[in-house]
Amino acid sequence: MSVIAGMKKLFSKKRPAKSQSGDEHQLEQPKPEEGAAAEASSYIIQPEPSVVAEVSSDGQAAVEETAAAAVEEPPQKAAKKPKKELLPPYDGPVLEVRNVHRSFQTGSRIIHVLKGIDMEVKPQQLVMLKGRSGSGKTTLLNMLGGLDQPSSGEILFAGQPLQDWGDQRRTALRRKEIGFIFQAYALMPLLSAWENVELSLRMADVPRSEWKERVGHCLDLVGLTKRVKHRPFEMSGGEQQRVAIAKAIAHRPRLLLADEPTAELDSKMGAQVMTVFRNIIEVEQVTICMTTHDPTILEVADHVYEMADGRFLK
Ligand SMILES: Nc1ncnc2c1ncn2[C@@H]1O[C@H](COP(=O)(O)OP(=O)(O)O)[C@@H](O)[C@H]1O
Ligand SMILES: [Mg+2]
């Protein structure tokens, strides 16, 4: 079954023929054994979905990961293990990066992309990575989100060494504690704004009883209460990016990673996105690390790291 067909089936099956309650956003409660949330929760202890290896700059791989995890049957229902606590309490920075290098081998050539990165991101900061195309921003962001591993060096997420974690634990971390936003919005095209945000809660194993309030709150935070039934193609780029933000924060991640989130937007819509970022840092106590090469939005940052050829300029 294709990813899109799977998504359609997943949502259409559970939609009531006609809304009795007048609440058209609430999906009908499925029987517990067919609940996708139950399926998603089992992925905490299932192997990582096979689709994703690395995230391309347009975020397509992330869409595929989400969709594949939502529609694939789990291999075999194993007995449920109790879930381990992912992160012990920690008062320090959300991210501490120490002397990180990353090289890629292509054929017989080794390309040294990150050449000793040191950085720190404290709770509720808005930190920007600035630099020309090709300087290594996306490569670094992927590593901060546990999508890729350094060749050497350390990345501590809330004090925990990500580079020592296995794939399953990093997948669980991404689903629970990190939200991703990409240049090209990365929304599911057949789902409404409401359903796109709801999907993120489904994937993060949030109890269904909390969905309605949380989705409404997140779409309100990004100023889209009047657009909840619209699908991506019926919205402007700025609106789509704001849905993507609502989707990325819905499961209450502690870190939001955004790769060139304003690159496709005009300056007015870009400024709206930055206002939303500032607002969610306040209201949701989230921490944001984003890349950009737009000098006009750098003023909004608490700290800017300037990158050139795999290093930070002092
Ligand atoms: N998987 C990979 N294999 C080989 N080279 C890569 C890979 N990922 C990134 N690179 C190279 O690393 C450099 C930095 O890329 P990237 O992190 O995407 O930069 P930026 O986001 O700043 O534009 C580029 O030269 C790119 O070609
Ligand atoms: Mg990039």
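Counting Lys and Arg as +1 and Asp and Glu as -1, each charge on the Cβ, what is the dipole of the stretch 153-233 about the Cα centre in debye, to the nearest 20?
Working: 13 positive and 10 negative charges, 80 e Å.
My answer is approximately 380 debye.
Would you mind calculating the relative contact order of the stretch 142-280 from Cα pairs under 8 angstrom and at least 6 residues apart, reporting the percent as a whole number?
Worked out over the stretch 142-280, it gives 31 percent.
5 Å is the cut-off here: which amide hydrogens, built 1.01 Å from N in the peptide plane, fall below it relative to Val113, excluding neighbours closer than 5 in sequence?
Close amide H contacts, sequence-distant or interchain: Arg102, Ser103, Phe104.
Which residue, Met188, Val113, Met128, has the largest displacement toward the positive end of the dipole of the stretch 79-206 when charges sit on each Cβ (Lys, Arg +1; Asp, Glu -1)?
Val113
Using a basic spin-label model with each label point 7 Å from the Cα along Cα→Cβ, how many nm lie between Leu86 and Gln285?
Between Leu86 and Gln285, the simple spin-label model gives 1.7 nm.
Per residue Cα convex hull volume for the stretch 95-312, in cubic angstrom? Provide the component values of the computation, followed by the final result.
Details: hull volume 27.5 nm³, N = 218.
Spread over its residues, the Cα hull of the stretch 95-312 gives 126 Å³ apiece.
GluC sites (Glu not before Pro) within the stretch 148-229: which are DSSP loop residues with at most 16 other Cβ atoms inside 10 Å? List each step's numbers first, then the result.
Numbers: sites: Glu154, Glu177, Glu195, Glu198, Glu210, Glu213; in loops: none.
Loop-located and lightly packed - none at all.
Assuming 0.36 nm per residue, please report the length gained on full extension of the stretch Asp302 to Ile111 beyond their Cα-Cα distance.
65.6 nm
For the stretch 199-205, in order, what is each residue's ³J(HN,Hα) by Karplus, 6.51 cos²θ - 1.76 cosθ + 1.60 with θ = phi - 60°, in whole Hz (x at glycine and Pro)?
4, 5, 6, 4, 5, 8, 6
How big is the antiparallel share of DSSP beta bridges in the stretch 95-312, given as a percent to the nearest 5?
50 percent
Can you give the extra length, in nm with one decimal, that the chain gains between Glu213 and Arg311 once fully stretched, where that is 0.36 nm per residue apart less the Cα-Cα distance?
Taking Glu213 through Arg311 to full extension adds about 31.0 nm, to one decimal.
Name the residues whose placed amide hydrogens come within less than 5 Å of the amide hydrogen of Gln125, ignoring near sequence neighbours (fewer than 5 apart) on the same chain.
Ile288
I'd like the Karplus ³J(HN,Hα) series for the stretch 95-112: coefficients 6.51, -1.76, 1.60, θ = phi - 60°, whole numbers in Hz, and an x wherever there's a Gly or Pro.
Working through the residues one at a time gives 10, 10, 10, 10, 6, 7, 10, 9, 10, 10, 9, 10, x, 8, 8, 10, 9, 8 Hz.
Ordered by residue, what ³J(HN,Hα) values in Hz, to whole numbers, does the stretch 190-195 give under the Karplus form 6.51 cos²θ - 1.76 cosθ + 1.60, where θ = phi - 60° and Gly and Pro are x?
Per-residue couplings from phi come out as 8, 9, 6, 4, 4, 5 Hz.
Considering only lysines 8 or more places apart in sequence, or on different chains, count the pairs in the stretch 95-312 whose C-alpha atoms sit under 17 Å apart. Write down the numbers at each step before the final one.
On the way: Lys115/Lys130; Lys115/Lys137; Lys176/Lys247; Lys212/Lys226; Lys212/Lys229; Lys212/Lys247; Lys226/Lys247; Lys229/Lys247.
Lysine pairs meeting the criterion: 8.
Fully extended, how many nm does the chain gain between Asp294 and Asp266 (0.36 nm per residue separation, minus their Cα-Cα distance)?
Extending this stretch completely gives an extra 9.0 nm.
The numbers here are math on the coordinates, done by the rules we state, and not lab data. As the structure is a prediction and not an experimental result, all values here were calculated from the model. Neighbour counts run over all protein chains shown; Cβ positions are idealised from the backbone, glycine included.
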